[in-house]
Amino acid sequence: MNILIVESAAKSRTLQKYLGAGWKVLATGGHVETLPNDVKKDGKDAKKAFWANRPGELPTPPWVWTDRGEKAVNAILAEAGVEAGASSGAGAGDIDARPTFWIATDPDREGEFIAWCLERILREHGPTHRVTFQEVTEEAVQRAIENPRGVDAPMVESALVRKFLDRLVGFRTSKMANAVVPGVGASMGRVQTPTLGFVVERELEREAHVPIPYFEARAVAEGIPLSVRFHEPEDPDAWRDDGGKVDPQRTFSADLVDQAMEALETAGEVTLVGVRPSTRSSKPRPPYSTDAILQAAGGRFGWSPRKTSALASMLYEAGHITYIRTDSTRLASSAVKKAREVVEDAYGQAFLGQEGGGPSAPAGAGPTQDAHEAIRPTRLELPDVPGVDDADARRLYRMIRAQTLASQMAPATTAIRSFEARCEGFDRPLTGSVSWETFAGWRAAWSEFDGERPTAPPEVPMEAGARWALDPATDDAPNPLRIEDETRPPGRYRPHTLIKAMKDAGIGRPSTYSRTVEKLEERSYVEIEEGSLVPTERGRVVWTDAAPLYVREADEGRPAMELFSPEFTALMEDRLDDVASGDAPAPETWEAWRDQIRDLHEAARMRRNQGAMTLRQEEMLKRLLANAPAELVPENLVPGEPFDLPWKEAQEVIGRLRDAGVQPAPTTAQVEYIRRLAEELEMDEADAAALGGATSLDALGTSGRASTIIEELQRLHDERMPPSAKQRRFIDGLVEQTRIPEAEAAALVGVASLEELTGGREGTASALIEVLKARVAEEKKAAGAGK
């Protein structure tokens, strides 16, 4: 009997069809053994942060069953005719009748660790072989079985060191986090905490952002957008952002933009004074790695990393794409050959890229044992996947196929014409450009997703001296257009852009990207608001108060070290990769990191207990003391006066005041934001304060009350804001599609006419768009069912 063991039940069903009689394919459901973690079941070992080791060896901790590991292994043994817990001499039968175990867990570090666990358990019951395949196809599986190997010891050692490190960092630092972070259950982790740091630091940047006002003037002439170039970089009055970068199309001067508007409105035309032709060549990107596909699906479709991972797993386990956890962007040589054949058949030889121009795996590394290939279709000739009902899964497949084919295609070329124009009565130029595709190249493979592009120049005179009339203005599209605005703070991370930040910083690996982001939300360190990641107060405290304790200043003979910096975490990841490749000894690697982390933890304990309070503690204490009853205020603290406490004492005072129900006073930023919103709404400050039950902004009392006022002012702001031109055009189009009268459409959101709609995210225009979109979708579904 031959028993093939995989991790996924879905994959086992696919493989069973390929192997047929004489084979049984069973799934473990993931890991079968783990480190002790339950005090009731595992005793004192569950409390250990690490285990001792002999010099030159890794620790040998006791391994315990995972929740489903024992059941999975017993099922494998039962299939082999072995009773659970039996040794090779008990219940195993004749040695010639023993089964052969083919361990086909995933071709990555975690899969190798699972294979190591299974090999230790099963080897006394029959011969064991380690096999891996990059794709779940009959050909790949047969080749893997023909080329078995042993368990990869360096890869296993890398997995072990990683687990030991994660255990040590998690156990030690989470205790510290629970001592620092209000509430219970706080935790920190080797990869989790630096990732949280990206989110918190971005939020701090947003809060520190000071908006810079600006004006712009734009016009459309003969269908070509133009912008007034108000300043040159050397102009002392040039508009600059907070980084000092000049934007020539922006100005601080309202008078200057008014002059431009008056001249454009009076003249009604512009004259070309310069035309500069150029060409742009765009090379294709490589096939997808794990982080790249999570980013692409998140940016293009708005999918969460969890959804993309689930759909990709479905496609992989059904045999439609290659293994989905990979850092590689290379293709096996056979895949390169097939991709080029498909490109030539579909688009012609002219669309082929340079031979060997795309990334490829080494010639000898086919799909059988090569775990370092990009994500690609297993059958590139298939434009879609048969037998898959999930529309999103099919769309993901087509995107993967498009990227794979595009990687072997020629660059796309674009013709560009850049213009400089003048308007009578104004001494500053207008600039603009047009472009059109002259050769689609790799973009031909992306036509489904990118839509049509112009392939010919606009039919307007494009030589110096040509006079272009301004396009007629409409209510929705004024021409010329005066813009008065201010700069926005940097955007928050979204799950897929956070994964890009992790990848760029070198922290995490393909198997951990998605799960790390999910953990931040599960542990209430971040919240999802309109698709963006916002740190909670709890998440902020972990990063700003607990993580900085694990910093060691440089001293004689020792460099500075910051445990939760992306650089330090990336160094760990690189070292683990060295262990996996056999370039670094595992025991010495473990011992070096163990000692450094142990030293950092001891230093953190001393800093916490002996150090001065942090700026955050000081700020929070001031806000709490402003509202604390006199009987709760320690004698050595006088509200409104400077104070200096040890960290530990400050933490105790904050805890006592919070436990007593004292609410902190509003932050300065909250009060200033309320003032700004009130000014924009032309509302008296007293009326704004009354929205939260206060008599004035100086008497808001608590941060919670300030938040309530901000929410109400934002709602009023949205109610008074008319719909944007884009929203109104979208609504008009949906009304036309649904063929309902405008008054009836308006009534869907409780207004008498479309003219009464309000803008903003919470306005009636946004609500109506969602209602009408749902109606359009229902009509399309009904029409499809009727065919």
Surface per residue (accessible, 1.4 Å probe) for the chain, Å²: 49
Ignoring everything except DSSP H segments at least 4 long, calculate the 222 nm mean residue ellipticity for the chain; use -39,500 (n - 2.57) per segment, divide by total residues, nearest 500. -13500 deg cm²/dmol
Find the relative contact order for the stretch 687-787 and round it to a whole percent, using C-alpha pairs within less than 8 Å whose residues are 6+ positions apart. 24
What do you reckon, how do E755, E341 stack up by accessible area (1.4 Å probe), largest on top? E755, E341
Positive dipole terminus of the chain, leading residue within A592, I145, I710 (C-beta point charges): I145
Treating cross-link reach as a plain straight distance, find the lysines whose alpha-carbon is under 19 Å from the alpha-carbon of K500, omitting any fewer than eight places away in the same chain. K307, K519
R0 of 22 Å, Cβ-Cβ distance E635-N178: FRET efficiency to nearest 0.05: 0.15
Cα-Cα longer than 24 Å, checked against K24/K338; K41/K71; K41/K175, kept in input order, equals K24/K338
Hey, which lysines would be in cross-link range of K726, C-alpha to C-alpha under 28 Å, not counting anything within fewer than 8 residues on its own chain? K773, K780, K781
I need the helices of the chain that pass two filters: whole DSSP H segments spanning 30 Å or more by Cα along the axis, and mean Kyte-Doolittle score no lower than 0.0. 153-180, 764-785
So, by mean Cβ neighbours within 10 angstrom, what's the order for 15-26, 407-418 with the highest one leading? 407-418, 15-26
The size of the Cβ-based charge dipole (Lys, Arg +1; Asp, Glu -1) of the stretch 194-291 about the Cα centre, to the nearest 20 debye, is 740
With contacts defined as alpha carbon pairs under 8 Å and 6 or more residues apart, what's the relative contact order of the chain in percent? 13
The stretch 396-493 - percent relative contact order, Cα under 8 Å, separation 6 or more: 23
Tell me, what % of the accessible area of the chain is carbon and sulfur with a 1.4 angstrom probe? 49
Built amide H within the under 5 Å cut-off of A221, gap 5+: L226, D471
In the set (i) -0.29; (ii) -0.38; (iii) -0.33, which value of log10 I(q)/I(0) by the Debye sum over Cα atoms at q = 0.05 Å⁻¹ was calculated from the structure you see? (ii)
Using each residue's phi in the stretch 41-52, evaluate 6.51 cos²θ - 1.76 cosθ + 1.60 at θ = phi - 60° and report the 3J(HN,Hα) Karplus result to the nearest Hz, with x for Gly and Pro. 8, 9, x, 5, 4, 5, 9, 7, 7, 7, 10, 5
Two decimals is fine: what's Rg over Rh for the stretch 459-531, C-alpha atoms, Kirkwood radius as Rh? 1.33
Going by average Cβ density within 10 Å per residue, which order do the peptides 728-734, 739-745 take, highest to lowest? 728-734, 739-745
Skipping prolines and chain starts, which residues have an amide H placed within reach, meaning under 5 Å, of the one on E7, given they are 5 or more residues away or on another chain? T28, D106
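The values are calculated or read from the model by the stated rules, or taken from the named source; none is laboratory data. Please read all numbers here as calculations on a predicted model, not as lab measurements. Heads up, the Cβs are rebuilt from the backbone with ideal geometry, glycines too, and the neighbour counts pull from every protein chain shown. Heads up: the accessible areas ignore ligands, DNA and RNA and are worked out on the full protein's heavy atoms, side chains in. Shrake-Rupley method; radii C 1.70, N 1.55, O 1.52, S 1.80 Å.
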